[in-house]
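Asker: Before anything else, here's the structure in question.
The values are calculated or read from the model by the stated rules, or taken from the named source; none is laboratory data. As the structure is a prediction and not an experimental result, all values here were calculated from the model. Heads up, the Cβs are rebuilt from the backbone with ideal geometry, glycines too, and the neighbour counts pull from every protein chain shown.
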Ligand code: GLN
């Protein structure tokens, strides 16, 4: 372990969904701007080994890292704010902790001993936290999922207590995110729930060093003083976090209260650089003052929970800001397209995005949207399942295979234009067995995609089991839906684009995972440009 690494633990109190991920990301950004090498980790107290097997309605989008980990969507925020990749080690669940401990027990690593939560589970939690310190990080921020007081959080809080003690003064700290509810009848912000949650932490032997307080109103001086006194922290360490118009403003609001300095002081760190948030500010300025506006239909089946498509929405924000264009998303439930006239539902949209997904619900609606975009020359971007949909639509309506389908939805179709990947044929377990993570893709030198990326070979992240069936490749080429991106080793088709259409592109990979504030994704930028050009036509 790197001896100089400092550890910051972020816990949450009072309620869930206060935005620990955004607070951690914002702090990470501020510390990075101070010249530190920072990474952020999330510990999730549920029993699933990873969120890959969760329905997006449970937990929002499943985010995929370069090294192919299926992770919590907060890792997406970490990458988007820090502009640095995360990895398998950045997200650990209780399920994974127990799995490791139980495997060790079976191997005989604890021979003769009773295996218990303390010390075996807590040791494994601590090992997972310290594992990141083998890399060159100055600071590791560990976000503890859940709310203090939850039964399942207890081993994590105990691990934090032990680590704080082991690491010694100034080497670690606890930031507690809490809520100050507002009672409109008396016009007051109430501090009691926060006092109780800080006390609950103390019952586990952990003293919070900083309080970050979510509230809908400004925290006046006397409330701040009261919180500081009853929670045992210096007044400067009470940081207000009011509801912001965008998550991207949060780091600036926290900085105004010297959040980064409070943290550096607690950890006895000297800044390595003058703070410079010019790029961040200029992004925010462009995002908030767009010169143009377009509307894109996002056609998917999980649209009633928009977190299911978190990275796509954020990628539109990054690309839109870069082009000074507001990208309004029209949420379209694909099942609705099966019941109602497509030109009513998609009326007036300037572009269509067909979303990733699994299972057959809403598939026919997506096929309808793909056809509509193709025939009306509306810019379309199909991501993962979206690429598979444009493949199916083209087979049915242009190549003449009426029953064409993906084997995911019709295993016995006579035109399986999307088929199960060879390597998937013997896979029976569902968890962590898809084609995952970053793979190289060679682009056809004459393709639109090559021009968009400005490179012959790209690397993008994947999460799928099915693929374009290359037996049909020539037929597609003859009719103008061109395979233009290939895995250099297996020749697997990774991207398609339609000839004689301004922008009709499907990609088997997920470009949205790689878009960050500092580096908006070229494919999203190109799509927004095409959508803008189409507007009003
Ligand atoms: N269900 C499809 C597959 O497994 C697409 C997956 C996705 O969109 N991420 O291939």
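Asker: Inspect all residues belonging to the stretch 427-439 and state whether any of them is surrounded by 16 or more Cβ atoms within 10 Å (Cβ to Cβ), within 17 Å of residue 383 (Cα to Cα) and touching a helix residue (DSSP H, G or I) at 6+ places or on another chain (Cβ under 6 Å).
Answerer: no
Asker: Can you tell me which residue in the stretch 208-239 is farthest from the chain's Cα centre (by Cα), limited to those that are within 17 Å of residue 261 (Cα to Cα) and in contact (Cβ under 8 Å) with a residue 60 or more places away in the chain?
Answerer: Among those that are within 17 Å of residue 261 (Cα to Cα) and in contact (Cβ under 8 Å) with a residue 60 or more places away in the chain, it is 208.
Asker: Name every residue in the stretch 363-394 that is under 18 Å from residue 465 (Cβ atoms) and either away from the ligand (no atom under 16 Å from the Cβ) or not in a helix (DSSP H, G or I) (or both), in order of residue number.
Answerer: Answer for the stretch 363-394, where residues must be under 18 Å from residue 465 (Cβ atoms) and either away from the ligand (no atom under 16 Å from the Cβ) or not in a helix (DSSP H, G or I) (or both): 382, 383, 384.
One line per residue, one yes/no per condition, for (1) in a helix (DSSP H, G or I); (2) surrounded by fewer than 14 Cβ atoms within 10 Å (Cβ to Cβ); (3) touching a helix residue (DSSP H, G or I) at 6+ places or on another chain (Cβ under 6 Å):
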| residue | (1), (2), (3) |
| --- | --- |
| 92 | no, no, yes |
| 104 | yes, no, no |
| 109 | no, yes, no |
| 112 | no, yes, no |
| 125 | yes, no, yes |
| 131 | yes, no, yes |
| 137 | no, no, no |
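Asker: A follow-up question, please. Out of 402, 408, which single residue is crowded, with 18+ Cβ neighbours inside 10 Å and either away from the ligand (no atom under 15 Å from the Cβ) or in a loop (DSSP other than H, G, I, E, B) (or both)?
Answerer: 408
Asker: Within the group 21, 35, 76, which residue is modelled with pLDDT of 95 or more, closer than 23 Å to residue 140 by Cβ and out of contact with any strand residue (DSSP E or B) (no Cβ under 9 Å at 6 or more places or on another chain)?
Answerer: 35
Asker: Can you name the residue in the stretch 335-357 that is away from the ligand (no atom under 16 Å from the Cβ) and in contact (Cβ under 8 Å) with a residue 60 or more places away in the chain and is also surrounded by the most Cβ atoms within 10 Å (Cβ to Cβ) among such residues?
Answerer: Once the filter is applied, the top-ranked residue is 351.
Asker: Continuing with the same structure: Just to verify a result, which residue in the stretch 22-50, among those that are in a helix (DSSP H, G or I) and surrounded by fewer than 23 Cβ atoms within 10 Å (Cβ to Cβ), is farthest from the chain's Cα centre (by Cα)?
Answerer: That would be 33.
Asker: Any residue in the stretch 417-440 that is within 23 Å of residue 92 (Cβ to Cβ) and touching a residue at least 60 places away in the same chain (Cβ under 8 Å) sitting within a Cβ distance under 9 Å of a residue that is more than 14 Å from the ligand (Cβ to nearest atom) and in a strand (DSSP E or B)? List the pairs, counting only those 6 or more apart or interchain.
Answerer: Every condition considered, the pairs that remain are 438/459.
Asker: Just a yes or no: is a residue in the stretch 392-406 closer than 30 Å to residue 47 by Cα and touching a residue at least 40 places away in the same chain (Cβ under 8 Å)?
Answerer: No, the stretch 392-406 contains no residue that is closer than 30 Å to residue 47 by Cα and touching a residue at least 40 places away in the same chain (Cβ under 8 Å).
Asker: In the stretch 280-332, what count of residues is obtained for those that are in a loop (DSSP other than H, G, I, E, B) and surrounded by 19 or more Cβ atoms within 10 Å (Cβ to Cβ)?
Answerer: 4
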